[in-house]
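Structure first, commentary second.
The values are calculated or read from the model by the stated rules, or taken from the named source; none is laboratory data. Owing to the predicted nature of the structure, the values given are computational and were not obtained by experimental measurement. Please note: Cβ atoms are built from the backbone with ideal geometry, for glycine as well, and neighbour counts cover all protein chains shown. The accessibility values were calculated without ligands, DNA or RNA, using every heavy atom of the protein model including side chains. Shrake-Rupley method; radii C 1.70, N 1.55, O 1.52, S 1.80 Å.
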Amino acid sequence: MTIRFNEMELQAPILRAIEELGYEEMTPIQAQAIPIVLEGRDIVGQAQTGTGKTAAFSIPILQKVDPKVKGLQAVVLCPTRELAIQVSDEMHKFSKFMHGIKAIPIYGGQDIARQIRALKAGVQIVIGTPGRVMDHMRRKTVKFDKVSMIALDEADEMLNMGFREDIETILKEMPEERQTLLFSATMPQPIMEIARTYQKNAALVKVVKKELTVPKIEQYYYEVRPKNKVDVLSRLLDMYSPKRCLVFCNTKRQVDELVTSLTGRGFFAEGLHGDLKQQQRDRVMNSFRNGKAEILVATDVAARGIDVDDVEAVFNYDVPQDEEYYVHRIGRTGRAGRTGRAFTLVVGKEVYKLRDIQRYCKTKIKIMPIPSVNDVTAVKAEKILDRINEIMESEDLTKMISLIETKVNESDYTALDVAAAFLKMSMGNENQAEEQVTPDFGDTGAEQGMVRLFINLGKKQNIRPGDILGAIAGETGMPGKLIGSIDMYDKYTFVEVPREYAADVIQVMKESKIKGKSINIEPANHK
Ligand code: AMP
């Protein structure tokens, strides 16, 4: 069931913001919850982070808040300061084109006087942690008399953190005539009790999940930083050079941006999403079918309507918002007994979403280190050598052999030299690939060709140079003999690694431990 936002009775400025964000359709929890909340009913929504639940309550709240009324009209309670900020940011994104709406986060740790000033200036929506909201309630710096909506976000988490009493005190202070929205990943007894006591005739919404069968294909994921996503995808595309592949993004805007980045790097990529006219879709699909475009970048909705199943690899540029999307996406590869691979790029906390997907789909997605430039070269060479094998077995090469013999006889080169040159030629311009992914670390005070890295562990932590060497070689797969000088001090260490390995070493080591200790590693500052 596809429901687009513009099928809802939402104000034009909200729809415009959603359009600008590039959301193609509602996620399952949004499709179920938004109509109910717009109707004015209380709701208990069971949804995890990453499913689009924030928008599920933020959009209807914004729709219902009256910009002409300056007093507080909606309160969102969140377990942590981070979440309060995140929800507030999301509200700001959706209210970008609305006039006269003010939403602010209030949380412990932030200067209370500043919050009081902000509240006095007239705020319609407060997104706060229960403790701090209570604090303001007691000081009478927030008044609930005009509040008509309250949302509890990650209610189970708030209870785990011991906020039950605070939440109940706040709920008791709220006007009787109000709408109460409760969102929680799990529904233990105490949550149901709160729902029973403080809600009226609440609709229970949870995304009913079908039994999913995950195709038996190899699935990998890579932990990446947001700014490295295009680089990592490019390396994977270089390394596996799939003849045809699908890359999935969560928004239309992301599809457009990624197509621009990939084509800028010399890949033949086309994008597909709901904004394209039929004629454009046909052109894109033809180009993909006849092999002109090797990469099709698409949203879930757009990909659903196309009959391309036979792809060598699927890349999840964004982690899908719903487990079912994951299964649909990766099911596009590995058809008809062919081998297929699925790769997912994961940023920060999305790793939890991936864990949910694995658990729910009963599948294993293996973590992989981000391939280094050397890995890319080796895999590319292997692919070409495989093809060469086929040619040697099936084709008549007499004429070619005689041409090579002539070349070898006329020069000082051996047949092996000639073969190596051909291999290099077929692999394309390797230096170019390296240029794209090797960042400039500036002068770190290292020897020529090396980068000096700073690690925040030293002798005082009982670390020896051998531990550092062993950890770097072991974690990155880079030969230990390539590691340069290691200068160890009491609390930190400098180690030199070849420039082409530096980015990988930093990336991999940031996630690793040395003798059980987490580390901070970065290029050294050279004065
Ligand atoms: P949440 O579950 O609220 O943490 O949302 C996860 C992410 O999904 C956020 O980055 C949202 O901006 C994004 N998101 C929410 N709704 C949609 C949608 N309908 N389409 C695409 N992305 C969405």
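Counting only residues that are buried (at least 16 other Cβ atoms within 10 Å of the Cβ) and free of Cβ contacts under 8 Å to residues at least 40 places away in the same chain, region 485-508 holds 4 of them. Among the residues making up region 248-265, those that are out of contact with any Ser or Thr (no Cβ under 9 Å at 6 or more places or on another chain) and either open to solvent by less than 40 Å² (accessible area, probe 1.4 Å) or more than 16 Å from the ligand (Cβ to nearest atom) (or both) are L258, V259, T260, T263, G264. Here L15 meets the list (1) farther than 27 Å from V351 by Cα; (2) not in a helix (DSSP H, G or I) almost entirely, failing just condition (2).
Restricting region 77-91 to residues that are within 12 Å of the ligand (Cβ to nearest atom) and under 17 Å from M158 (Cβ atoms), the residue that is surrounded by the most Cβ atoms within 10 Å (Cβ to Cβ) is C78.
Please enumerate the residues belonging to region 349-359 that are without any contact (Cβ under 8 Å) to a residue 60 or more places away in the chain and open to solvent by 30 Å² or more (accessible area, probe 1.4 Å).
Passing the criteria: R355, Q358, R359.
Pairing each residue of region 314-331 that is not assigned by TED's automatic domain parsing to the domain that holds R253 with any residue that is part of a helix (DSSP H, G or I) and modelled with pLDDT under 90, provided the two are 6+ apart or on different chains, yields no C-beta distance under 8 Å. Note on region 11-65: residues that are closer than 22 Å to K96 by Cβ, in contact with a strand residue (DSSP E or B) (Cβ under 8 Å, 6 or more places away or on another chain) and open to solvent by 40 Å² or more (accessible area, probe 1.4 Å) total 2. For the structure I just gave you, tell me whether V255 is within 19 Å of Q358 (Cα to Cα) and assigned by TED's automatic domain parsing to the domain that holds V319. It is false that V255 is within 19 Å of Q358 (Cα to Cα) and assigned by TED's automatic domain parsing to the domain that holds V319.
Yes/no matrix, rows are residues, columns are (1) open to solvent by 60 Å² or more (accessible area, probe 1.4 Å); (2) modelled with pLDDT of 90 or more:
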| site | (1), (2) |
| --- | --- |
| I306 | no, no |
| Y317 | no, yes |
| T333 | no, no |
| C361 | no, no |
| K366 | yes, yes |
| V373 | no, no |
| K383 | yes, no |
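The helices (runs of 4 or more DSSP H) found entirely in region 213-297 that carry 2 or more residues being modelled with pLDDT under 90 are 229-240, 278-289.
Here K64 meets each of (1) free of Cβ contacts under 8 Å to residues at least 12 places away in the same chain; (2) away from the ligand (no atom under 13 Å from the Cβ) with one exception, condition (1).
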